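**Q** Starting off with a structure, shown below.
Values in this text are rule-based calculations from the coordinates and carry no lab data. As the structure is a computational prediction, the values presented were derived from the model and not from experiment. Don't worry about glycine lacking a Cβ; one is built from the backbone with ideal geometry, like all the others, and counts go over all protein chains shown.
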Amino acid sequence: ATCIVFWSLYAMEPTLIVPEWAEKLIPPFMNHITHTASLPFILVDTLLTCHRAPSRKTGSIIVVAEVIFYFSIVLGVRYFNGYWIYPFLEYLSAIHLIIMFFMALVFTWLLYIVGDTMNIMLWGKQLLCLHLMK
């Protein structure tokens, strides 16, 4: 999700996602380390490692909890420091923020489902993983 969302917004207008003051402090290669490198590492890990994943229900609860935690950090920075981590949030009304957060949560959950399905297609059910781990 990070790779797709960050670079989509960055392609439209870099200052929507990275404030101008941060652009001066952070070298461009750091954006790639932070927002691009995760994708190939996750894909290689999925292809090379049989993961013993939790049930879909448990995995979904964990993903939703992580997204809510992340959003609470974003909202906390706004509340306590008076600015948005991502400048584009400044332009959204309260209802648009709620819709955007909900859509991001659903998108992240769908990516989890795709990743879990891909893992099952590559490695089969958990029993195969348990057999390979012995």
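**Q** Please give the helix 56-81 orientation as an angle from the longest Cα principal axis of the chain, in degrees from 0 to 90, rounded to the nearest 10.
**A** The answer is roughly 20 degrees.
**Q** Where the convex hull is taken over the Cα atoms of segment 1-48, what is its projected area averaged over directions, in nm²?
**A** Here the figure is 3.4 nm², rounded to one decimal.
**Q** Any idea what % of Cα-Cα pairs in the chain are farther than 22 Å?
**A** 49
**Q** Using helices alone, what [θ] at 222 nm do you get for the chain, with -39,500 (n - 2.57) per DSSP H run of 4 or more residues, divided over all residues and rounded to the nearest 500?
**A** Theoretical 222 nm ellipticity from helices: -24500 deg cm²/dmol.
**Q** Taking θ = phi - 60°, what integer Hz values does the Karplus form 6.51 cos²θ - 1.76 cosθ + 1.60 yield along segment 14-22, in sequence order, with x for Gly and Pro?
**A** Per-residue couplings from phi come out as x, 6, 6, 10, 10, x, 4, 5, 6 Hz.
**Q** If you keep only loop residues by DSSP, which chymotrypsin sites (Phe, Trp or Tyr not before Pro) in segment 10-116 have at most 12 other Cβ atoms within 10 Å of their Cβ?
**A** Filter output for segment 10-116: TYR83.
**Q** Calculate one ³J(HN,Hα) per residue across segment 8-13 by plugging θ = phi - 60° into the Karplus curve 6.51 cos²θ - 1.76 cosθ + 1.60, and present them in order as whole Hz with x for glycine and proline.
**A** 5, 5, 4, 5, 5, 6
**Q** Now a separate question. Express the relative contact order of segment 52-134 as a whole percentage, based on alpha carbon pairs under 8 Å and six or more residues apart in sequence.
**A** In percent, rounded to a whole number, it is 41.
**Q** Work out the charge dipole of the chain with +1 on the Cβ of Lys and Arg and -1 on the Cβ of Asp and Glu about the Cα centre, then indicate which of LEU111, LEU48, VAL64 is farthest towards its positive end.
**A** Farthest towards the positive end: LEU48.
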